Amino acid sequence: MELLKKISEAPGVSGFEYGISEIIKKELQGFVNKIEEDRFGNIYAYKGNGEKTIMITAHMDEIGLIVKHIDDRGFIRFAKIGGVPDHVLLSQRVIIHGKYKKIYGVIGCKAIHIMKEEERKQLVTYDKMFIDTGLSKEQLEKYGIGIGTPITIERDLVELENDLIVGRAMDDRAGCYILIEALKKANPVNKIIAVFTVQEEVGLRGATISSYNVKPDIGIAIDTTIAGDHPEVSESEAPVKIGNGPVIVVADGRRESLGGGLLANSLIVNWLIELANKLGIKYQLGVLEGGTTDAAAIQLSRGGIPSGCISIPTRYLHTFSEVLSKRDLESGIKLIIGLMESKISFL
Ligand SMILES: [Zn+2]
């Protein structure tokens, strides 16, 4: 839990992953054969020496904000990085990662008292919001805050009842956590190259670059996926449930066509199912509309890489309070260890 809390609270908006990547590098020290970093910021951890190379990814980056403009009074306007829904932004406390100092701020807007009747019923869009730090424009500059400074939402990881936790950036720090724990515990029979990727939330960019570098035989992404087991979502809309085990992804992509996503290699899907059965791990199969993971980029690398994805069911994805089950995390770790330690006979 301590590690999960640490990596969930670390900053790492896409393109600015250094906060989280430093922690991951330190954490893996002594547990893997070698750690490397490429020019793009992807972290590679090597373990095992089998003949097949399995690339396993988890993305380090998170959705967040970036400074777009600072007015004469020091109020900050921002752009969004990744799929940030407007309706979860208002009144959030944020951290602005200045070059010389981290500064707290709050996302403000007009108070309800002075809103016109129609305004009260409307969703406030992000371009009508601003960040108040209490500092003037000159003071902000002194702390190294200006156009292009990254902003994260301030949020601690806490435990809910019945084995649940809630935190910011569980997408995909949950995946990072699973991959770190599996690397620490596994005795691989394959050559494992674990890649902690950058810039997933803005178009799978880190995975695109790193899969070319790694040239694996198999690619597996670990990520989070939508759990729909809560009010206002029907079971047919999102059948995955938290606590029912990791999701073996069969297909994902854009809502209208599953375009741009992953049609998982059926040999990989069968292998993962067999492994889960052998290890006694409860799992769910997933066809997931409305998004994809690093596996979609890995599969298209070079001459084509058989790829699959294991996702942890998560409620309220891309809000800053993402809920998941500790039991699913533990099962995820077990499954990834099993995968590292199993001989590949189907390729
Ligand atoms: Zn993700």
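The values are calculated or read from the model by the stated rules, or taken from the named source; none is laboratory data. Because the structure is predicted, anything quoted here is derived from the model rather than measured. As a convention, Cβ positions derive from the backbone with ideal geometry for all residues, glycine included, and neighbour counts pool all protein chains shown. Each accessible area value is taken on the protein alone, full model and side chains, heavy atoms only, with ligands, DNA and RNA left out. Shrake-Rupley method; radii C 1.70, N 1.55, O 1.52, S 1.80 Å.
Among the residues of the stretch 32-64, count how many are buried (at least 16 other Cβ atoms within 10 Å of the Cβ), of a type in the set (S, T, N, Q) and touching a Gly at 6+ places or on another chain (Cβ under 9 Å). Qualifying residue count, the stretch 32-64: 2.
A count restricted to the stretch 212-237 and to residues that are away from the ligand (no atom under 16 Å from the Cβ) and either closer than 28 Å to L65 by Cβ or of a type outside the set (A, V, I, L, M) (or both) stands at 15. Within the stretch 103-127, residues that are open to solvent by 50 Å² or more (accessible area, probe 1.4 Å) sit with their Cβ atoms under 6 Å from residues that are not acidic (D, E), at 6+ positions apart or across chains, in these pairs: V106/R93; L123/H87; Y126/L89.
Beta carbons closer than 8 Å, at least 6 apart along the sequence or on distinct chains, never pair a first residue in the stretch 170-187 that is in contact (Cβ under 8 Å) with a residue 60 or more places away in the chain with a second that is basic (K, R) and within 13 Å of the ligand (Cβ to nearest atom).
Number of residues in the stretch 6-55 that are out of contact with any helix residue (DSSP H, G or I) (no Cβ under 8 Å at 6 or more places or on another chain) and either outside the structural domain of S325 (by TED's automatic domain parsing) or in a strand (DSSP E or B) (or both): the value is 4.
Here I192 fulfils each of the conditions (1) open to solvent by 10 Å² or more (accessible area, probe 1.4 Å); (2) in contact with a helix residue (DSSP H, G or I) (Cβ under 8 Å, 6 or more places away or on another chain); (3) not in a loop (DSSP other than H, G, I, E, B) apart from (1). A single member of I209, I153 is open to solvent by less than 10 Å² (accessible area, probe 1.4 Å) and either more than 13 Å from the ligand (Cβ to nearest atom) or out of contact with any strand residue (DSSP E or B) (no Cβ under 6 Å at 6 or more places or on another chain) (or both), and it is I153.
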